[in-house]
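Student: The structure follows.
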Amino acid sequence: MLGKELRELRERKKRQAEELAGPEDKVDSYTAESISTKLGFSRSKLSRVEAGEIPLPKLADLVALMDEYDVTEPGDRDVLLQIQRDSLKSEPLTSFRTVLPSGMPRYLGLERESKRIRGYENNVVHGLLQHETYASALMGSAKIVEERTTEAVERSVQARMERKALLDDREVHIILTENTLRTQIGSPEIMRAQYAEILRLCEQENVEVQIIPEKLSTYRTGFAFTLLDFEDLGSVVQSDGYKSITMWSKPSEVKQYQRQFNAMAKAAPGPSQTPAFLMELEEKLWK
């Protein structure tokens with residue numbers, strides 16, 4: 001996480017330098033190698049940190065990078081310093097400030113780098129499967145309680161729809177409980193649109209959706225979570241709390257969630273049965 005954030009900050013500075021230099025001028029002052037040389041690192045050090053291959057244990061190195069990337073806002077610096085400290089521990093990370101100094105929400109920065117996403121939801125439809133009208137109704141219903149403006153709700157819905165681009169180029173496997181599909185969000189028309197959206201996504205070869213029927217007596221956990229797998233890094237687990245996001249990367253804890261997911265995937269009807277289940281449920285509830 002620290003490496004990916006440092007890379008985003010460096011690339012942001014590079015883009016800014018390119019805009020100032022003009023389209024025909026080559027900017028090479030913000031490559032990982034040039035920054036390493038400037039700060040007295042070994043040539044490959046920053047590249048390896050950004051790739052997550054090695055940690056950045058020296059606080060002075062992080063301070064030098066923050067200064068180089070113009071990270072001046074105290075809150076932003078504190079976030080990076082906390083991530084650096086957390087990177088040297090094995091305990092789960094709980095974030096009460098979910099937006100990183102680059103402006104990228106912390107979880108989304110990891111999600112977009114993943115090669116596989118596995119999610120379990122037992123309350124509402126998983127965000128990657130949500131239809132725009134469903135997302136809008138869901139977030140709008142919490143608008144007054146969470147004291148959010150209409151503009152903030154609209155931005156959140158837009159961000160959720162943009163996330164769905166992830167469904168184009170990676171393996172996605174989502175497990176829902178039947179309860180998530182029986183709970184009316186908005187109107188029956190919105191629920192029909194949501195069912196249609198899941199059916200559409202099920203047609204993609206890289207997307208699998210399973211539903212655990214209410215009457216199926218099998219194991220199911222009471223907490224929603226998402227597993228992210230990466231090309232060259234260990235997997236992480238994310239779960240939401242009130243105004244916080246908790247992530248686990250310790251192998252023993254990740255394996256526990258993997259076992260939970262695999263148990264539910266094995267017990268639930270296969271993905272090929274999802275379209276028929278949805279159409280039957282729609283006929284029963286929303287016609």
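Student: Inspect all residues belonging to region 264-279 and state whether any of them is open to solvent by less than 30 Å² (accessible area, probe 1.4 Å) and modelled with pLDDT under 95.
Tutor: The answer is no; no qualifying residue exists.
Student: Out of (1) open to solvent by less than 30 Å² (accessible area, probe 1.4 Å); (2) closer than 30 Å to Ser47 by Cα; (3) modelled with pLDDT of 90 or more, the odd one out for Lys255 is which?
Tutor: (1)
Student: Filter region 101-148 down to residues that are aliphatic (A, V, I, L, M), open to solvent by 40 Å² or more (accessible area, probe 1.4 Å) and over 25 Å from Met66 (Cα atoms) and give me whichever is modelled with the lowest pLDDT.
Tutor: Filtering first and then ranking leaves Val145.
Student: Of the numbered conditions (1) part of a helix (DSSP H, G or I); (2) at pLDDT below 85, Ser36 fails exactly one; give the number of that condition.
Tutor: The number of the failed condition is (2).
Student: Filter region 64-86 down to the residues that are free of Cβ contacts under 8 Å to residues at least 24 places away in the same chain and open to solvent by 50 Å² or more (accessible area, probe 1.4 Å), then identify the one that is farthest from Gln16 (Cα to Cα).
Tutor: Arg85
Student: Mind counting the residues in region 209-231 that are under 16 Å from Gly270 (Cβ atoms) and either open to solvent by 80 Å² or more (accessible area, probe 1.4 Å) or touching a Ser or Thr at 6+ places or on another chain (Cβ under 7 Å) (or both)?
Tutor: Total satisfying the criteria: 4.
The values are calculated or read from the model by the stated rules, or taken from the named source; none is laboratory data. From a predicted model like this one, the values you see are computed outputs, not experimental measurements. All Cβ positions, glycine included, derive from the backbone under ideal geometry; neighbour counts span all protein chains shown. Just the protein is used for accessible areas: all its heavy atoms, side chains included, with ligands, DNA and RNA removed. Shrake-Rupley method; radii C 1.70, N 1.55, O 1.52, S 1.80 Å.
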